[in-house]
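Novice: Below is the structure I would like to discuss, written out as C-alpha cells.
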Amino acid sequence: TEDDTCSLYEWADHMISVSNNGAASIVWKEAILMHAFGKNYPPNAEQEALFFKNTSKADLKDIAMHVVNDPLRDIGITPEEFKLVSMFTKAAKAMVPGEGGTIASPYGMMKYLVAMERGKIVDPESSLEIKRLMYSTDRRIRYAASSSLTDAAVYFKSGSLYKCKPEEGYECKKYMGNIDNYMNSVVIVEQADGTIYMVTLMSN
C-alpha cells in the first residue's frame with residue numbers, strides 16, 4: 001500500500017527474492033541518488049523531487065548508466081558481456097530515460113559470480129551481502145528442489161520474461177510464452193564435502 005515503507009536492504013531483498021521489477025527500479029533510483037547527493041544521502045522527499053525535476057533527462061541517463069555499468073567494467077565484465085541500459089518499469093523509464101537495448105550473456109553472468117566469490121564486487125563485505133541475499137531467495141521460486149541438494153548450500157537467482165500472441169487452441173499462461181519464453185539463471189552450489197560449482201544459464 002501507499003503507507004508501506006521499506007529499508008533499501010529490504011528493497012534489494014525483494015528485487016532478488018521474487019525478481020520484482022518495481023523493487024529493482026527503486027534500488028537503481030537510490031543508486032542514482034547516492035551518486036548525486038554523496039555524503040548528504042539520503043535526501044528528504046522534497047530534495048529528491050527537486051533533483052529529478054531540475055536535472056536534465058540527458059544527465060539523469062548518464063548518471064543511471066554510470067552507476068550500474070561502471071562497477072561491471074571495474075570487475076572486468078565488458079559491455080558485450082553484460083550491460084544495463086534502461087529502467088525496469090514504465091514509470092521509472094519515464095523518469096529516467098535509457099539508451100538502446102540491454103545485453104547479457106552467460107559468460108558475463110559467470111564472471112559476476114566469480115568476482116562475487118573473490119570479494120571483488122565493491123569489497124568483500126558487499127560481495128558477501130549479495131551472496132547472502134541469493135541464499136535467502138524465496139524457496140518457491142528457486143527451482144532448486146532436488147534430493148542431491150539436501151545437504152548443500154544453494155545461492156540462486158533466476159529471472160524470466162515471456163510474451164504471447166493469439167493462437168487457436170492456445171491459452172497464454174505464466175512462463176509459457178509462444179513468442180518469447182526467456183529463463184535466465186545463476187547458481188552457486190556448495191556441497192557438504194567441500195565441492196563447489198557454479199552454473200549460468202540463458203534459454204528461450
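The values are calculated or read from the model by the stated rules, or taken from the named source; none is laboratory data. Everything numeric here is computed off the predicted structure, so don't read it as measured data. Here the Cβ is made from the backbone with ideal geometry for all residues, glycine too, and neighbour counts use every protein chain on show. We work out accessible area using only protein heavy atoms, side chains counted, and drop any ligands, DNA or RNA first. Shrake-Rupley method; radii C 1.70, N 1.55, O 1.52, S 1.80 Å.
Novice: Is it the case, given these coordinates, that Glu125 is modelled with pLDDT of 95 or more and of a type in the set (Asp, Glu)?
Specialist: So Glu125 fits the description; yes.
Novice: Please report, ordered by residue number, the helices (runs of 4 or more DSSP H) entirely within segment 18-120 with at least 2 residues that are crowded, with 19+ Cβ neighbours inside 10 Å and touching a helix residue (DSSP H, G or I) at 6+ places or on another chain (Cβ under 8 Å). Even if it seems obvious, please write down each step before you answer.
Specialist: On the way: elements: 21-37, 45-54, 57-74, 90-95, 106-117.
In segment 18-120, the matching helices (runs of 4 or more DSSP H) lie at 21-37, 57-74, 106-117.
Novice: Does Lys131 satisfy being in contact with a helix residue (DSSP H, G or I) (Cβ under 7 Å, 6 or more places away or on another chain) and of a type in the set (Lys, Arg)?
Specialist: Working: in contact with a helix residue (DSSP H, G or I) (Cβ under 7 Å, 6 or more places away or on another chain): yes; of a type in the set (Lys, Arg): yes.
The answer is yes for Lys131.
Novice: Got a sec? Which of Tyr175, Tyr182 is in a loop (DSSP other than H, G, I, E, B), open to solvent by 70 Å² or more (accessible area, probe 1.4 Å) and not acidic (Asp, Glu)? Before you say what the answer is, go through the steps one by one.
Specialist: Numbers: Tyr182 fails: in a loop (DSSP other than H, G, I, E, B).
Criteria check complete, one pass: Tyr175.
Novice: Got a number for residues in segment 148-172 being in a loop (DSSP other than H, G, I, E, B), touching a strand residue (DSSP E or B) at 6+ places or on another chain (Cβ under 7 Å) and either more than 21 Å from Val114 (Cα to Cα) or acidic (Asp, Glu) (or both)? Talk me through it step by step, then tell me what you get.
Specialist: Residues of segment 148-172 that are in a loop (DSSP other than H, G, I, E, B), as a first pass: 150-152, 164-172.
With touching a strand residue (DSSP E or B) at 6+ places or on another chain (Cβ under 7 Å) added as a condition, the list becomes 152.
Right, trim to either more than 21 Å from Val114 (Cα to Cα) or acidic (Asp, Glu) (or both) and you get none.
Number satisfying all stated conditions: 0.
Novice: I want to confirm something. Restricting to segment 135-184 and keeping residues that are under 20 Å from Met109 (Cβ atoms) and among the polar types (S, T, N, Q), which single residue is modelled with the lowest pLDDT?
Specialist: Thr137
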